[in-house]
Structure formats: C-alpha cells, structure tokens
Amino acid sequence: MSLVQNRFLFRFVILLAFILPASASSGPTISLAVDASEAPRKIIHAKLRIPATPGTLTLYYPKWIPGEHAPDGPVIELTGLKFSASGKPLKWRRDLLDGWTIHVEIPAGENEVLADLDYLEPATMMSGFSSASSATEKLLVLSWNQVLLYPKGWKSDDITFSASLKIPEGWKYATSLPVSNPNANDLHFSPVSLTILVDSPVLTGQYLKAVPLTSGPEPSAEIDVASDSAAALEPPQEVWDRFKNLVAQAGALFGAQHYGHYHFLYTLSDHVAHFGLEHHESDDSRVGERGLIDETERKLDASLLPHEYVHSWNGKYRRPAGLATPDYQQPMQTDLLWVYEGLTEYLGSILTARSGLWTPDQFREYLAEVAADLDHLPGRTWRNLQDTADAAPQLYFAPKTWYSWRRSTDFYDEDTLNWMWADAIIRQQTKGKKSLDDFCKLFHGAPGGAPVVKPYTFEDVVKTLNQVAAYDWAGFWTERLTNHGPGAPLAGIEQAGWKLAYDESPTDYFRSDERDAGQVNETYTFGLRLHDDGTVTDAIEGMMAARAGIGPGMKVVAVNGRRFSADILHDAIKAAKGSNTPIELLVENTDFYRVFKLDYHEGEKYPRLVRDESKPDLLSDILKAR
Ligand SMILES: [Zn+2]
C-alpha cells in the first residue's frame, strides 16, 4: 500500500505456497452476483449462494484486508443482510466477540443458503483506503471483499467463487480476472479461488482507456485509466512511454515476473480516496482527475504506480510469513513491513527515476525532503523504527496532528534511507561489482510464472543479503530497527556521494508539494507545520515554536499584526533574518487569543541534496536506466 506520493497529504494492501487452480480446490463453491448498476447512488447489491448443512453456519465478512495491513474490512457498510433457504427467511446473529462474524441457523433438510446484502459506498467524500470513497457519477472501483461473506473452516485458497458483476449501461471495465463475456454489461467471470477474487478489483467507468505497455507475448502489461472526464485521459505520448519504460526497468531489476498479464488500474478523480493498493496481477491506484495531464500533479504522484508495481514482487510474491495468513480473519503480524513496504518504497522511487517518470533532480528533491523530515522527528527518542511497523495496524489510522512526536508508519520513508544505505554497503563491499539489484534478482526473481506466494523471515532476508555481499547484515538491520537516533539515518545518502543541506529557496518539488497539499512547512525553521488557513497540524517537540507554547490544533490568525497567509509568514521569516525583532504570531486556541513571540533570525530553510565531491557519485549510478 502507499500513501499518494505527496509529503503532506495523508498519502495514501495470502499465502501459501501454490495457488491451486479452482478445479483442484477442496472447499465449497459459492456463487456471487454483484449488481453495481446503482454505483452513482453509492449502493452496491450482492446475492450469494453458499453450500450449507443443517445447524449453525458461521460466515465471515473479510476483516484483515491484504495490503492494508489492518483489520479495516468495512463491516459498518454491510447492510440489507438477509438469509433464506427454500424461500424461507433464516435467523442470524452477529458474534458477540467479533463483529465480522455472523452465525446463521440452517434448518434440517437444507443444503444451501441464499444471502442478500448491500455494500454502502461513502456518501460524502471520505479519505482512507479501499473502503473510502470509491464511486462517482462516472466510475467505480469495486473491491470484492466488500460484497461477500465466506464460510469458516477453509483457507481462502480452497474456496471457489463463481462471480458476476452488473455495471451501469455504457460503462467500460478493466480487471485481471478472466471474463467469459467481454462485451456485455453483465459480466461473468471464470471461477477462481477467494484469494484470487479478493486480489482482483474491477475498475469500471464511462471514461476508461486501456494502453498496452508491452508488445509481444506474456508476461505482458497494460495501464487502464478511468476518469471523471474524457479530457483527463489524454496526456502527452511521452507519459505512456515512461510507463512502458517502468515495465521494462522493473523487468531488468527483478529478472522475472510473477504474473501472466499485469493491469495498472489507475483512477483519476477528485471524488475518490487517493492511495495505492497492491495486488498480484494489478494495482488499485487513485489520484486527482488531472493526475496525468497536469505536469505538477504528474511529478507529485510519479512514484505511486512504481511503488504498487514493485509490490507484485515484494509483498505479493515474496511476503513476510506473518502477513501470509490463510484467510482474512487471522490477525496479521506486521513486524517485517520495513521490508514489505520499506524496500518497496526504495525500489519504487528509484524505478521512478530509472523510467524517466522523475528526472534525477526530481528524485533528489524528493529524497531531500524525506531525509529532512526524518531528521526533525523527536518521536524517535521513544518509538524505534521496529515499533512503527509493529504498531502499523493502528498507526495507519493515526491523526496527522502530533505526527513528529507520535511517529507514524515511518518504515516507508526511513527504510528508503536504510535500503539506500544497504545498497551503498553492497557496492562498497563488492568494489562496485554488485548492488541491491543483485539482491532483488535472487530474492524476487526467477523462476517467474503464475502468481504464487513465497513467505520469508528476517533470517531469509539476512541470508540472501549475505549471498550478495558478506557483511554483518543481522547486526546492521537490528541496529537500524532499534536505535533512537538522534537524527535520521543519512549514511546511505552520504556514502552515495551526496549531503543533506538547507538553503533559503525551496526546491521546485518542495514548493509544488506544499501548495498542492494546502500546507505551510516551517518544520526546519522554528518547527511548525500548518494548514494554509493557519491551523497548526504539528509543533515539533523541542523546537522554538513548541517551546514558546504553540501546539497542534491552535490557529495562527496573524503574523506581525497582519492576517495570516503562507506568503505573509514566509515574508516575516525572511525579514527577521539579521534583525533583533521577534516574529509575533497571534494565535487562537479554543476561543482564546494569545500572542507568541518567536526570536527566530536564521531565515528560511529548505532541504536539498548537494554533491560531496570527495566521494564517488553512487546515487547517479543507482538512478541510471538499466
Ligand atoms: Zn505499499
């Protein structure tokens, strides 16, 4: 999963060895008929036919959603639930210890139960993951876990679903599920395991464009883009060419694919939640309507598809043992998310540069901001990196306020720096003969083929790293995961020939990001992050603004006596440089007003990476197309 590639917005995820073909599964076959023809009304209807025997039938609504790493199956939106057998209604009751579990009483003589249910799409804009806003007047992303129940006692690999989907008249669709009647609006899919069904969302909409990204036989890939307008589907040709580069560069990095045909499912809308969610043979990624045609939006969102695509290898094919659960009911253990998400974030960002979706300059501007933010994170004094992974099921839903003291899912960003460090160590230990690319080929590569899951442990990661370059990798990662700083792990950037520095003008990436998110970032000056209306989202513990008494939730209404705006604040910081006059902030807090004086005179500070000529430029080599 990924938070959309924007440093301020809240950006925004099976097991078992071999997924057997449906005919080989040992469990029940369930038929599922979904009617999404009322998607613009934000309601999806479903009917299930489930084999049963007399007595109590226990059914589960999917709870732990793969890739979301949390028990966030949207059971609150499960409505209209009715069961019947032979035309007679059946009694049911929710489990008192688990709200996702339903017990249905099956009378003597019955061998099948019919279930009717509705799934409610959020009626007003809601951010989050796959259960957040997913339907507009013109499009829908359907996640199958939202519209089904499955019986207790079977692995998701062993239950077969025979699914159909009715979409609005005239809408097109894209999915990695095989469809038996490609031209109708009442789609019928080949029977697949519950695992594959949940792993295969459907993107459907009035405006949908499919562009092939490979030529020739499988493994092949295409991008399917749905939008709220036809105009949003027409970026310059070079944009499609860079996505083609992405597929080629990922192939060169890993050396083999674990899919037959990959679908990038890309939703462009200002009325759906913005995030990315990985699947084995597709991804569900969502950005704003102008995400392809606006150059600034393209730059800010550029690493989203590379991140989700890398997950086909790192996360879906290779999966931490604790995340490779047999169904959606067993809790996931998230301790290895620093590999699952952290390595994906690193590989996704370098593939963004290798494919030309970012220039090397844009990559460095992005990385400078990541490094600078992590370098201003007092929360690391109490919560180590390992705990950000262990607590991920809760942290994904943490408020943005108090971010720097609480810490959040920092294994994305901090492990970008740590994996770059590991990459630099491999290059140094092998005198430039090997790199992290070699680890990827060994760990994620051949043999390719149809989707399978190959679980791993901490020891497996260390062992494969040692096959590439002998080093104390267990010690390295243990230290990285348990240290309390101070400061961010910048050694990877430094060993790659660059240094984190600050100057008085922002990088293009920094300013675009700040404006796009409607934020003002004074993290590196006196330690404040604000909305562009002056509301404080974070006051960095230990820095000047926090020490003066400012905290999250307060609102800066005026700067030096003039109404607050981002420009007024930036101007005041510039003017205070070299003077003795403090910056005066009028702040509102729970109906009261107070004046805070900040004796800050060091001017604006914006992060960027600068070249260290005393070292070879490994970073440029890391970013070079293969
Ligand atoms: Zn991810």
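Things worth noting here:
- Residue check, THR388 in a helix (DSSP H, G or I), within 16 Å of the ligand (Cβ to nearest atom) and touching an Asp or Glu at 6+ places or on another chain (Cβ under 6 Å): yes
- Residues being hydroxyl-bearing (Ser, Thr, Tyr), within 26 Å of the chain's Cα centre (by Cα) and within 30 Å of GLY291 (Cα to Cα) - total across the range 480-525: 4
- Selection over the range 215-249 of residues that are within 28 Å of PRO66 (Cα to Cα) and touching a strand residue (DSSP E or B) at 6+ places or on another chain (Cβ under 8 Å) gives a count of 13.
- Scope the range 332-342; condition within 21 Å of ALA496 (Cβ to Cβ) and within 13 Å of the chain's Cα centre (by Cα); matching residues: GLY342
- Qualifying helices (runs of 4 or more DSSP H) (wholly inside the range 544-626; at least 3 residues being touching a helix residue (DSSP H, G or I) at 6+ places or on another chain (Cβ under 8 Å) and crowded, with 19+ Cβ neighbours inside 10 Å): 618-623
- Among the residues making up the range 329-382, those that are within 16 Å of the ligand (Cβ to nearest atom), among the aliphatic types (A, V, I, L, M) and closer than 27 Å to ALA70 by Cα are MET332, LEU336, LEU337, VAL339, LEU343, LEU347, VAL370.
- Exactly one residue out of LEU336, LEU357, LEU300, LEU323 is among the aliphatic types (A, V, I, L, M) and out of contact with any Pro (no Cβ under 9 Å at 6 or more places or on another chain): that is LEU300.
- Residue match in the range 11-25 (condition: touching a Pro at 6+ places or on another chain (Cβ under 9 Å), at pLDDT 95 or above and of a type outside the set (Ser, Thr, Tyr)): no
- Residue, nearest to the ligand (Cβ to nearest atom), within the range 277-310, restricted to residues that are more than 17 Å from MET1 (Cβ to Cβ) and touching a strand residue (DSSP E or B) at 6+ places or on another chain (Cβ under 8 Å): GLY291
- Filter result (surrounded by fewer than 20 Cβ atoms within 10 Å (Cβ to Cβ) and either touching a Ser or Thr at 6+ places or on another chain (Cβ under 7 Å) or assigned to a strand (DSSP E or B) (or both)) within the range 49-59: ARG49, PRO51, GLY55, THR56, THR58
- Count - residues of the range 311-323 that are closer than 17 Å to VAL461 by Cα and either more than 16 Å from the ligand (Cβ to nearest atom) or among the small types (Gly, Ala, Ser) (or both): 3
- Of the strands (runs of 3 or more DSSP E) entirely within the range 70-111, those holding at least 3 residues that are surrounded by 14 or more Cβ atoms within 10 Å (Cβ to Cβ) and among the aliphatic types (A, V, I, L, M) occupy 78-85, 101-106.
- Hits in the range 472-531 - residues which are in a loop (DSSP other than H, G, I, E, B), surrounded by 15 or more Cβ atoms within 10 Å (Cβ to Cβ) and touching a strand residue (DSSP E or B) at 6+ places or on another chain (Cβ under 7 Å): LEU490, GLY497, PRO506, THR507, THR523, TYR524, PHE526, GLY527
- Helices (runs of 4 or more DSSP H) within the range 220-330 that include 3 or more residues under 19 Å from the mean Cα position of the chain (by Cα) and surrounded by fewer than 23 Cβ atoms within 10 Å (Cβ to Cβ): 295-301
- Verdict on TYR262 being within 15 Å of the ligand (Cβ to nearest atom), hydroxyl-bearing (Ser, Thr, Tyr), within 18 Å of GLY67 (Cβ to Cβ) and in contact with a helix residue (DSSP H, G or I) (Cβ under 8 Å, 6 or more places away or on another chain): no
The values are calculated or read from the model by the stated rules, or taken from the named source; none is laboratory data. On a predicted model such as this, the values are computed, not experimentally measured, just so you know. Backbone-built Cβ (ideal geometry, glycine too); neighbour counts: all protein chains shown.
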